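Student: Just dropping this structure here.
Throughout, read-outs are computed from the coordinates displayed, never taken from laboratory work. Just so you know, these numbers come straight off a predicted model, no measurement behind them. Neighbour counts are summed over all protein chains in view; Cβ atoms, including those assigned to glycine, are modelled from backbone coordinates with ideal geometry.
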Amino acid sequence: MSEMKSPVELGRFGSVYGVRGWIRIHSYTEDPESIFDYQPWYISSSDGTWRSLCLEEWKRHGNGYICKLDGFDQREESQSMTGVSVYVDESSLPPLPEGEFYLNELLGMRVINTEGYDLGVVDSFLETGANMVLVVKANEDDAYGKKDRLLPLVFETTILKVDQELGRVEVIWDPDF
């Protein structure tokens with residue numbers, strides 16, 4: 001078991017590939033290949049502790065990537081990783097220029113549309129292939145009866161501004177959608 005102070009989610013394991021322990025990896029990094037630059041990877045255990053993983057090898061496969069983890073030599077071993085999120089410690093990430101942010105920094109931020117309607121808070125992200133999607137957990141008293149809203153993470157089209165000081169994301173979004 002390993003200790004991690006500030007986890008940052010960089011991706012998620014997909015389905016297994018072949019019989020020798022390879023598994024698909026979905027990267028949330030701006031340049032998808034850069035996920036392999038950040039090591040070690042961590043996964044969260046059911047008891048709340050962190051387990052580190054060592055990357056043995058990776059390669060491009062079709063439109064995505066597959067990787068081989070140290071100690072995962074058979075399909076059945078890698079199958080347990082399907083759907084598991086991959087994290088790194090924030091200290092292993094390079095500092096960003098003023099005004100830029102990592103996706104994990106959006107988690108918990110209030111999402112407000114241009115008319116001032118509070119849509120809820122950023123709960124998680126989905127990778128759709130076309131673009132990343134914000135999963136916004138609606139407020140309990142949402143006037144439109146929504147539980148979750150899925151907003152494309154597309155700047156200038158949906159996302160207007162991220163205000164880290166106020167902890168809010170301003171969006172162009174109809175609250176009834």
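Student: If each residue of separation counts as 0.36 nm, what is the full-extension length gain between K5 and S45 once their alpha-carbon separation is subtracted?
Tutor: Using 0.36 nm per residue and subtracting the Cα-Cα distance, I get 12.9 nm.
Student: In whole Å, how far is the Cα centre of the range 1-66 from that of the range 141-170?
Tutor: A separation of 28 Å, based on Cα centres.
Student: Okay, next question. Which shape class, rounded, prolate or oblate, goes with the range 7-92 when its Cα gyration tensor gives a ≥ b ≥ c as root eigenvalues, a/c under 1.5 marks rounded, and past that a/b bigger than b/c marks prolate?
Tutor: Verdict is oblate for the range 7-92.
Student: Relative to a virtual label point 7 Å from the Cα of S91 in the Cα→beta-carbon direction, which members of the range 25-47 show backbone nitrogen distances below 18 Å?
Tutor: What the label zone holds, given the 18 Å backbone N cut-off, is 38-43.
Student: Taking Cα extents along the principal axes in Å straight from the coordinates, which label in (1) 53, 34, 31; (2) 87, 48, 34; (3) 52, 40, 24 is the correct one?
Tutor: Label of the calculated value: (1).
Student: Measuring from label point to label point, each 7 Å out along Cα→Cβ, what is the T158 to E127 span in nm?
Tutor: Between T158 and E127, the simple spin-label model gives 1.6 nm.
Student: Taking 7 Å along the Cα-to-C-beta vector as the label spot, tell me the T29-Q79 distance in nanometres, rounded to one decimal.
Tutor: 3.0
Student: Once both labels are modelled 7 Å past Cα along the beta-carbon direction, what's the E98-C54 spacing in nm?
Tutor: 4.3
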